[in-house]
Amino acid sequence: MTARREGTELAVYPKLTVSADMGWQCRRRTMDSLSGHAFLIGARTGKPIAMEIYATKQCQFCDTHAINSPEISIPPHPCPKNFEGSSKSMESMACITLYTRMFKETKVHAKTIVSDDDSSMRSQVKWKIQDKIQARMIPEWPTYTDANGKKKKVACKGKLPLDIPEPSFIAYPNHRKRVFTDHLYKLKKGGKRHTSITECDILRLRQNFAYMRNGLLQKPDQEDEWENAAKAVVEHHFDNHEYCADF
């Protein structure tokens, strides 16, 4: 059997929904860890199916040699360094590595990836725009209109080759609640000049969002209720129950 993807035939591989996440060895959310580990977890089994470990971004031997003898090449040694770049970029790089490895080596297509709302990961696990133009998949470079009404070219961060299909992404429900709460706290930090929101308001709105999320998980096919459920998160807080239901 073959599958057609925009004019290109690909062998049909088993298609999985996987959960992707990255962990760092640091106590605070400072994104300065020297090492990290990433896993792909099967959505149905809850078991890890792929793993990538970045041991460290530094090597004491290499760093010392570069300072003391920069004119001499580094001699062979058991170097633990296996990643270059920022700690934050580890997540997107690990996702690309694991996704590509599963497709090429184990012949499995992780069709849907459940992740947090990491825009860098999602933008990089895509085809390159220049490759799509050369393959005549799109006629020209896509553009967008900015806030000033000017047309600009879409930035290309994709790193997938065309022989590997793009995955689709969906977000963790728990992460959506955290993002919603973070925005409320940022609003609160603006001071009383800009808002009258309090700590109690944030906790109640967060709880309303959690009720809404849990209710919709039981009704995945009733998309017509999603908008009213989202409105109820805020309206219920102000004693307006027009959009409230069994969410």
Just to be sure I understand, how many residues within segment 1-32 are hydrophobic (A, V, I, L, M, F, W, C) and modelled with pLDDT of 65 or more?
8
Can you tell me which of (1) touching a helix residue (DSSP H, G or I) at 6+ places or on another chain (Cβ under 9 Å); (2) of a type outside the set (S, T, N, Q); (3) open to solvent by 80 Å² or more (accessible area, probe 1.4 Å); (4) closer than 20 Å to Leu187 by Cα is the one Glu242 doesn't meet?
(4)
Against the condition under 21 Å from Met51 (Cβ atoms) and more than 18 Å from the chain's Cα centre (by Cα), how does Thr106 come out, does it pass?
yes
Which count do you get for residues in segment 133-164 that are under 21 Å from Thr97 (Cβ atoms) and out of contact with any helix residue (DSSP H, G or I) (no Cβ under 8 Å at 6 or more places or on another chain)?
1
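Show me the strands (runs of 3 or more DSSP E) found entirely inside segment 86-201 where at least 1 residues are in contact with a Pro (Cβ under 8 Å, 6 or more places away or on another chain).
Here the list reads 109-115, 151-153.
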How do the pairs read when you match residues in segment 42-55 that are touching a residue at least 12 places away in the same chain (Cβ under 8 Å) with residues anywhere that are assigned to a strand (DSSP E or B) and aromatic (Phe, Trp, Tyr), using Cβ under 6 Å and keeping only pairs 6 or more apart or on different chains?
Met51/Phe39
Could you list, in sequence order, the residues of segment 58-115 that are open to solvent by 20 Å² or more (accessible area, probe 1.4 Å), under 26 Å from Val179 (Cα atoms) and without any contact (Cβ under 8 Å) to a residue 40 or more places away in the chain?
Gly85, Ser89, Met93
Between a first residue in segment 184-204 that is open to solvent by 60 Å² or more (accessible area, probe 1.4 Å) and a second residue that is modelled with pLDDT under 85, which pairs have beta carbons less than 7 Å apart while being 6 or more apart in sequence or on different chains?
Leu187/Thr195; Lys188/Thr195
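The values are calculated or read from the model by the stated rules, or taken from the named source; none is laboratory data. Small disclaimer: the values here were computed from a predicted structure and weren't measured. Virtual Cβ from ideal backbone geometry, glycine too; neighbours counted across all protein chains shown. SASA here: full protein model, heavy atoms, side chains in, ligands and nucleic acids out. Shrake-Rupley method; radii C 1.70, N 1.55, O 1.52, S 1.80 Å.
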